[in-house]
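Here is the structure we will look at, set down as structure tokens.
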Amino acid sequence: MYDVVENKPRTKIAKHCKEAGLYRVQKSVFLGTVERNRLDELRLNIESLTNDDVDSVYIFPMCEHDFKKVILLGQAFDKKLVTNEILSLFM
């Protein structure tokens with residue numbers, strides 16, 4: 001998830017997340033499975049686009065076991081944007 005002030009880097013970050021195989025679940029929140037080397041590449045790409053003084057990016061790696069324990073309340077994410085693979089972990 002991220003909070004990036006400038007539009008251009010924010011758009012590029014979203015593109016990198018999608019290219020890494022992540023799915024947008026909210027405007028600035030992505031979810032999915034990423035191999036370790038791909039995650040390192042994604043992190044480097046995002047770091048090159050962000051300004052440490054004004055932007056923030058959070059990456060929360062977790063195993064499938066812990067991910068299945070996530071508690072969702074209300075309309076936690078747009079189910080149309082998320083794959084069946086991820087949805088099945090919640091249902």
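The values are calculated or read from the model by the stated rules, or taken from the named source; none is laboratory data. Just so we're clear, the structure is a prediction, and the values are computed from it rather than from any experiment. Here the Cβ is made from the backbone with ideal geometry for all residues, glycine too, and neighbour counts use every protein chain on show.
Sort out which residues of region 13-37 are among the β-branched types (Val, Ile, Thr) and part of a helix (DSSP H, G or I), and write them in order of number.
Across region 13-37, the qualifying residue is only ILE13.
Could you please find all residues in region 60-71 being part of a helix (DSSP H, G or I) and over 14 Å from the mean Cα position of the chain (by Cα)?
Listed by number, the residues that qualify are GLU64, HIS65, ASP66.
Before we move on, is GLY74 on the phi > 0 side of the Ramachandran plot, at pLDDT 85 or above and not in a helix (DSSP H, G or I)?
It is false that GLY74 is on the phi > 0 side of the Ramachandran plot, at pLDDT 85 or above and not in a helix (DSSP H, G or I).
So, in region 15-59, of the ones that are among the aliphatic types (A, V, I, L, M), farther than 17 Å from VAL5 by Cβ and loosely packed, with under 14 Cβ neighbours inside 10 Å, which residue ends up nearest to the chain's Cα centre (by Cα)?
ILE59
Can you pull out every residue in region 15-44 that is touching a strand residue (DSSP E or B) at 6+ places or on another chain (Cβ under 7 Å) and at positive phi?
Within region 15-44, GLY32 is the sole residue that qualifies.
Name every residue in region 1-51 that is basic (Lys, Arg) and either modelled with pLDDT under 90 or farther than 24 Å from LEU72 by Cβ (or both), in order of residue number.
Across region 1-51, the qualifying residues are LYS8, ARG10, LYS12, LYS15, ARG24, LYS27, ARG36, ARG38, ARG43.
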